[in-house]
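Quick note: the coordinates plus some simple rules give every number you see, no bench work behind them. As the structure is a computational prediction, the values presented were derived from the model and not from experiment. Neighbour counts are summed over all protein chains in view; Cβ atoms, including those assigned to glycine, are modelled from backbone coordinates with ideal geometry.
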Amino acid sequence: MPPTVVVSARGEQRVRSGHPWIYRADVVDVNAAGGDTVAVVGPRHRLLGHALFSDLSQIPLRMLTYGDAAAGSDLWRARLEAAARFRQSLKLDATAYRLVHGEADLLPSLVIDRYADYLVVQTLSQGVDRMLPEITSLLVDLLKPAGILARNDPRVRTLEGLEQKVEVLHGTIPEAVVVREGPVEYEVDLWRGQKTGLFLDQRENREAAARYARGKLLDCFSYNGGFALRLARECSETEAIDISADAVARIRSNAARNGLARLRAREANVFDELRRLEKTGARYDTIVLDPPAFAKNKASVANALAGYKEINLRALRLLTPGGYLVTCSCSYNVNEALFAEMIHSASVDSHTPVTIVEKRLQSRDHPVLVGVPETYYLKCFILRRVE
Ligand code: SAH
């Protein structure tokens, strides 16, 4: 008998609603091992589709196909091909981008980023982890990369009972890879950089922000200088802040590489620094706030909102009238409505009327799958202080 998992009536309803995740509470009977691709059966023995099965996760099933469509290697090849073709059709002005965005490419829990001739892969469930050799050979066949690295060190892997490890799957991976994003060149550390090396999801927001940036710029939570490097060309002065010494060193070397000698980077805690700048009476014409996810789960939403409000309120006070605030949140748990409410309250408390000039999300190579709110995580509002 092929590996099979039976789900409850509620599980069946969820499958029909199009969300690919089935939770533990909706699993009734298991005849499968962790990592198997299973047939998903409803309470009245109807075949609902095929899914990746995890025996330790809170999300034991991730749907691959619906009805009686098979989920063999042809499906993986076709979906990888389709994902690559879509990225190509976007005509991105960049040599680094997301090639596969998990659920949104109907390849749940699989992330693949491209950095010039190299690919970085993350397999975030038992099912795709087991498929890794097959995925690797499909990628070699389809894209002929110079190297493929598995950056399987995210903590979420432990929730699946998977170890955290980084390994070369194909070819070689150099210590540093040079990529281009619009007019900016970066040196990226695929082995140790945050995420898979760069924050690729902000590429188009940097581009959008460049249309408004001017005067004196303050880039907060700069990492390797993403916004600062792109916006510096439009601004008379640029300051970048990050709490990590490594990040600041990287911002400086990227600035030098791009001939942006005027860009100044410093190591500081943004919360303290915004308060200090306010005391000194400093003013900026453009400010970027791109903090790490403050709300890692539902329980931390209230604290996260307080944190977001604090930095947004202070940034609004530091802005000159007519100035722009590019403000972001990558916390999935703080949805767009909560984020907008927070901005409203920061505007009221700082006595600064602001308009929303643009409301944006993650770059198009990280698409949002309708009906799967988890795939819409990055909010980026471009605000203008009216007076
Ligand atoms: N803006 C970047 C990505 C930012 S990622 C880009 O466009 O690529 C978030 C960054 O915030 C990380 O580099 C982290 O080191 C930094 N960070 C986290 N907490 C901080 C704090 N309290 N003050 C300053 N930087 C902080």
Seminar exercise, completed: Taking r as the C-beta separation of ASN269 and THR4 and R0 as 45 Å, the FRET efficiency to the nearest 0.05 is 0.30
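Please sort by residue number the chymotrypsin sites (Phe, Trp or Tyr not before Pro) in the stretch 265-334 whose DSSP state is loop and whose Cβ has at most 10 other Cβ atoms within 10 Å.
Working: sites: PHE271, TYR284, PHE294, TYR308, TYR324, TYR332; in loops: PHE294, TYR332.
Answer in residue order: no site qualifies.
Send over the Kirkwood Rh of the stretch 301-351, from the inverse of the averaged 1/r over different Cα pairs, rounded to one decimal Å. Present the calculation step by step, with values, prior to reporting the outcome.
Details: mean 1/r = 0.0893 Å⁻¹.
Result for the stretch 301-351, one decimal place: 11.2 Å.
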Problem set entry | Charged-residue dipole, Cβ positions (Lys, Arg, Asp, Glu), the chain about Cα centre, Debye nearest 20 | 880 debye
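Most exposed first by the Cβ proxy, i.e. fewest other Cβ within 10 Å, how do VAL248, VAL120, VAL370 rank? Mind dumping the intermediate values first?
On the way: VAL248 21, VAL120 29, VAL370 10.
With the fewest neighbours first, VAL248, VAL120, VAL370 line up as VAL370, VAL248, VAL120.
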For this session: Have a look at GLY42, GLY34, GLY281 and tell me which one the Gaussian network model of the chain (Cα, springs below 10 Å) gives the largest fluctuation.
Result: GLY281
Seminar exercise, completed: When ARG203, ARG214, ARG44 are ranked with the fewest other C-beta atoms within 10 Å first, the list becomes ARG44, ARG214, ARG203
For this session: Calculate the length of the line joining the C-alpha centroid of the stretch 10-77 to that of the stretch 197-252, in whole Å.
Result: 42 Å
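Going highest first, how would you order 224-231, 333-340, 151-158, 238-245 by mean Cβ packing within 10 Å?
Working: 224-231: 27.6, 333-340: 16.6, 151-158: 15.1, 238-245: 20.9.
Those peptides, ordered most packed to least, come out 224-231, 238-245, 333-340, 151-158.
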For this session: Take the cross-link list LYS165/LYS309; LYS216/LYS309; LYS91/LYS379 and give me the ones stretching past 31 Å between alpha-carbons.
Result: LYS165/LYS309
Seminar exercise, completed: Given unit charges at Cβ for Lys, Arg (+) and Asp, Glu (-), the dipole magnitude of the stretch 102-220 about its Cα centre in debye, nearest 20, is 380 debye
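Can you give the translational diffusion coefficient of the stretch 294-387 in µm²/s, computed by Stokes-Einstein from the Kirkwood radius over Cα pairs at 25 °C and 0.890 mPa s? Mind showing how you got there, number by number?
On the way: Rh = 13.7 Å.
The estimated diffusion coefficient comes to 179 µm²/s.
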Exercise. Long-range amide H contacts for VAL288: which residues qualify at under 5 Å (H placed 1.01 Å from N, peptide plane, sequence gap of 5 or more or a different chain)?
Worked result: LEU218, ASP219, CYS220, VAL326
Problem set entry | Residue-wise HN-Hα coupling along the stretch 332-345, computed from phi with Karplus coefficients 6.51, -1.76, 1.60 (Hz; x: Gly, Pro) | 4, 5, 9, 7, 4, 5, 5, 5, 5, 4, 4, 5, 4, 5
For this session: Convert each backbone phi in the stretch 236-245 into a coupling constant with the Karplus relation 6.51 cos²θ - 1.76 cosθ + 1.60 (shift: θ = phi - 60°), then list the ³J(HN,Hα) values in order as whole Hz, x for Gly and Pro.
Result: 7, 9, 10, 10, 10, 10, 8, 7, 9, 4
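Suppose R0 equals 56 Å; then what is the FRET efficiency for ARG44 and ILE243 from their Cβ-Cβ distance, rounded to the nearest 0.05? Working shown, then result.
Working: r = 55 Å, r/R0 = 0.99.
E(calc), rounded to 0.05, equals 0.50.
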For this session: Please list the non-local residues whose amide H lies under 5 Å from the amide H of GLY49, H modeled 1.01 Å from N, same-chain partners needing a gap of 5 or more.
Result: VAL40, GLY67
Exercise. Relative contact order for the chain using alpha-carbon pairs under 8 Å, separation at least 6, rounded to a whole percent?
Worked result: 11 percent
For this session: Using the Karplus curve 6.51 cos²θ - 1.76 cosθ + 1.60 with θ = phi - 60°, work out ³J(HN,Hα) for each residue of the stretch 21-38 in order, rounded to whole Hz, and write x for Gly and Pro.
Result: 9, 10, 7, 3, 4, 9, 9, 9, 8, 10, 10, 6, 10, x, x, 5, 8, 10
For this session: Please check which bits of the stretch 315-339 a label hung off LYS195 would reach, taking the label as a point 7 Å along Cα-to-C-beta and the cut-off as backbone N under 19 Å.
Result: 326-336
Exercise. For LYS298, which aspartates and glutamates qualify as cross-link partners when the Cα separation must be under 15 Å and same-chain residues fewer than eight apart are set aside?
Worked result: GLU336, GLU374
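Within 10 Å of each residue's Cβ, count the other Cβ atoms and sort LEU61, LEU124, LEU48 from fewest upward. Walk me through the intermediate numbers first.
Values: LEU61 32, LEU124 21, LEU48 24.
Exposure proxy ranking, most exposed first: LEU124, LEU48, LEU61.
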Problem set entry | FRET efficiency for VAL28 and ARG262, using Cβ-Cβ distance with R0 set to 51 Å, rounded to 0.05 | 0.20
For this session: Evaluate the distance, in nm, between pseudo-label points positioned 7 Å from the Cα of LYS298 and of GLU163 along their respective Cα→Cβ axes.
Result: 3.4 nm
Problem set entry | MRE, 222 nm, helices only [DSSP H, n ≥ 4, -39500 (n - 2.57), over the chain, to nearest 500] | -9500 deg cm²/dmol
For this session: Using all C-alpha to C-alpha distances in the chain, build P(r) with 20 Å bins and read off the rounded percent in each one.
Result: 27, 53, 20, 1
